[in-house]
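Written out below as structure tokens is the structure these notes cover.
The values are calculated or read from the model by the stated rules, or taken from the named source; none is laboratory data. Bear in mind that the values here come from a model prediction, so they are computed numbers and not experimental data. So basically every Cβ, Gly included, is an ideal-geometry build from the backbone, and we count neighbours across all protein chains shown.
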Amino acid sequence: MEAFKRINPAGQGMLACVIALAVAGLITAVSAAPPGEVWMVLARQCAFLGLGVACFLAAFSLSTDASRRFVLPAIVVLFVFLVLMLLTGLGHTANSATRWVQIGPLTLQPSILFQCFWPIALASWVSRDPLRLHSPKAIAKLGVFFMVMMFPVLMQPDLGSVMILIMVSGFTFFFAGAPIRFLCVLVPVLILFLWLASVFFPHVSSRLSYWDEPSQQVLRGEEAFLAGGLTGVGPGNGVYGYGFIPESGTDFIYPIVAEEWGLAGSVVIWSLFLAFTLFGFRAARQSESRYGIILMATATLMISFQAAYNMAMVLQLVPVKGLPLPFVSRGGSSIIALSALLGVALKAVYEGRRRPTPVTELF
């Protein structure tokens, strides 16, 4: 508890925003639950939130050195596990994708853990030896390692996670001060990735076509926004969460918020993510460790980018992807991964203010 009391006000502000978002998500998930399933939805979401809190506390209790040593073996173990999911009956298939594992009553998506591990590993890599950022050979080796680790994720397929991690890599290089020429390479890489995905994965090309001709899911989401008006119909009084919008509890939970809480509730959610972003960047600036600065800034922007994409997606501003609204959407994989990432990032900022910065991080 003493460590938590010493978290700077910016870090405390971030945690307050996360708690508010989680509470809003819990209320929306319960109010939009099908008749007869309210208590089951409440129990499952509370269980996931409890796991998220436990992962945050466990990550925050680790020293920065320990988390940096732990992350590479964790990535390799996760890679092996994802390969086993593809080659054996370990994985659970739904919607033509083998992304999930069943643990008792809970269903988890292991590939989401890369959103916790990769930012930590990459921030550690660029801060340990800043000269790597100017070495095409070192960056090429890193790129090969990344492509190998992402292979089982692509085969599931889970293209949304790969896209997020490519963006995370760009964020990390930017905050680490990489040369502009390396950052510019990521743009054609991302465009090439999307083109190849549309060629080899039919569901990607269909989603891109829905961008011009919106699917029933997007149209129903827009109807939910219109039905909510300025103040909404009230919690539990909405109808679009009862099967009218596919994935209304996960990827398309924002229209349910708009229907039940109106434009006012939608703006509150948007404002909480904006405040989270500002607090995160302020916390990063207050860190005296290069690693802490890079990791906190990257984690903040990754979560904010996911939130912005999700909200733009349901408004048909960008193609539909299976990206949840962080800390709000129902389900536990994203909550667990992002909670652990915030725990490690806050500890890196906190520890960086209490001990001398290693010489290798002073460049």
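Every residue in the stretch 166-178 that is crowded, with 17+ Cβ neighbours inside 10 Å and either not hydrophobic (A, V, I, L, M, F, W, C) or not in a helix (DSSP H, G or I) (or both), please. S169, G170, T172, A178 - these are the residues of the stretch 166-178 that are crowded, with 17+ Cβ neighbours inside 10 Å and either not hydrophobic (A, V, I, L, M, F, W, C) or not in a helix (DSSP H, G or I) (or both).
Matching residues to (1) touching a helix residue (DSSP H, G or I) at 6+ places or on another chain (Cβ under 9 Å); (2) among the charged types (D, E, K, R); (3) buried (at least 18 other Cβ atoms within 10 Å of the Cβ); (4) over 18 Å from L323 (Cα atoms):
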| residue | (1), (2), (3), (4) |
| --- | --- |
| I253 | yes, no, yes, no |
| I256 | yes, no, yes, no |
| E259 | yes, yes, yes, yes |
| L272 | yes, no, yes, yes |
| G280 | yes, no, yes, yes |
| E288 | yes, yes, no, yes |
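Given the criteria surrounded by 23 or more Cβ atoms within 10 Å (Cβ to Cβ), over 27 Å from T107 (Cα atoms), modelled with pLDDT of 90 or more and under 17 Å from the mean Cα position of the chain (by Cα), does A297 qualify? So A297 fits the description; yes. The set of residues from the stretch 146-160 being in contact with a Leu (Cβ under 9 Å, 6 or more places away or on another chain) and modelled with pLDDT under 85 comprises M155, Q156, L159, G160.
The single condition among (1) more than 22 Å from the chain's Cα centre (by Cα); (2) modelled with pLDDT under 85; (3) of a type in the set (S, T, Y) that T98 does not satisfy is (1).
Being modelled with pLDDT under 95 and either closer than 17 Å to L325 by Cα or among the hydrophobic types (A, V, I, L, M, F, W, C) (or both) is the requirement here; does F56 meet it? Spelling it out, it is not the case that F56 is modelled with pLDDT under 95 and either closer than 17 Å to L325 by Cα or among the hydrophobic types (A, V, I, L, M, F, W, C) (or both). Total residues in the stretch 47-75 satisfying the condition of being under 29 Å from V23 (Cα atoms), free of Cβ contacts under 8 Å to residues at least 60 places away in the same chain and surrounded by 13 or more Cβ atoms within 10 Å (Cβ to Cβ): the figure is 1.
Quick check on the stretch 127-141. Is at least one of its residues buried (at least 22 other Cβ atoms within 10 Å of the Cβ) and either on the phi > 0 side of the Ramachandran plot or among the small types (G, A, S) (or both)? Within the stretch 127-141 (the criterion being buried (at least 22 other Cβ atoms within 10 Å of the Cβ) and either on the phi > 0 side of the Ramachandran plot or among the small types (G, A, S) (or both)), the answer is yes, since at least one residue qualifies.
Going through the stretch 147-165 one residue at a time, which ones are buried (at least 18 other Cβ atoms within 10 Å of the Cβ) and assigned to a helix (DSSP H, G or I)?
If we filter the stretch 147-165 for residues that are buried (at least 18 other Cβ atoms within 10 Å of the Cβ), which is where we start, we get 149-150, 152-154, 156-162, 164-165.
The answer is M149, M150, P152, V153, L154, L159, G160, S161, V162, I164, L165.
When L317, L274 are screened for being of a type in the set (A, V, I, L, M) and assigned to a helix (DSSP H, G or I), only L274 passes. Restricting to the stretch 246-271, give me the number of residues that are part of a helix (DSSP H, G or I) and farther than 23 Å from L346 by Cβ. Number satisfying all stated conditions: 17. Listed by first and then second residue, the pairs linking a residue in the stretch 129-146 that is among the hydrophobic types (A, V, I, L, M, F, W, C) to a residue that is outside any helix (DSSP H, G or I), with Cβ atoms under 6 Å apart and 6 or more places separating them unless they lie on different chains, are L133/A178.
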